[in-house]
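Encoded as structure tokens, the structure appears first; notes follow it.
The values are calculated or read from the model by the stated rules, or taken from the named source; none is laboratory data. Computed from a predicted model, the values in this text were never measured in an experiment. Note that we place each Cβ from the backbone using ideal geometry, even for glycine, and neighbour counts take in every protein chain shown.
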Amino acid sequence: MSNEKLLPKIGDKLIHKFRKRPGSVTAEVISIDAERGDVSVKIGREIFPSLSSAAQSISGHSSNGWTYWGLKKQTPKKRTAR
């Protein structure tokens, strides 16, 4: 996968698997604005206006929604020499 964002389609299921605990969360894509890059998702009965707001609701902290849902590869931080 390149560093480009993968734009999902309406109806796609996005799955986030937790690293430090068992289980996963599934979000359904309900709308897309390709020009702006906005994706709205539904988790259970709750609708989120963006991938990041859904990720924040689940994780409890700010997250890049594109990386959280696996639509963009996370780039490792470069370490600086000390």
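Quick grid of which residues meet (1) modelled with pLDDT under 90; (2) farther than 18 Å from Q56 by Cβ:
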position	(1), (2)
E4	yes, yes
K9	no, yes
D12	no, yes
K17	no, no
K20	yes, no
V25	no, no
I32	no, yes
G37	yes, no
V41	no, no
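Counting only residues that are in a strand (DSSP E or B) and out of contact with any Asp or Glu (no Cβ under 9 Å at 6 or more places or on another chain), which one in region 28-55 is nearest to L71 (Cα to Cα)?
Checked region 28-55; the qualifying residue nearest to L71 (Cα to Cα) is D38.
List the residue pairs whose Cβ atoms are under 7 Å apart, where the first residue sits in region 64-82 and is within 20 Å of D38 (Cβ to Cβ), the second is among the polar types (S, T, N, Q) and at pLDDT 90 or above, and the two are 6 or more positions apart or on different chains.
N64/S52; G65/S50; G65/S52
Looking at S52, S59 in this structure, which one is small (G, A, S), more than 9 Å from L14 (Cβ to Cβ) and surrounded by fewer than 16 Cβ atoms within 10 Å (Cβ to Cβ)?
Within the list S52, S59, the selection yields S59.
Would you pick out the residues in region 21-43 that are in contact with a strand residue (DSSP E or B) (Cβ under 9 Å, 6 or more places away or on another chain) and of a type in the set (G, A, S)?
Of everything in region 21-43, those that are in contact with a strand residue (DSSP E or B) (Cβ under 9 Å, 6 or more places away or on another chain) and of a type in the set (G, A, S) turn out to be G23, S24, A27, S31, S40.
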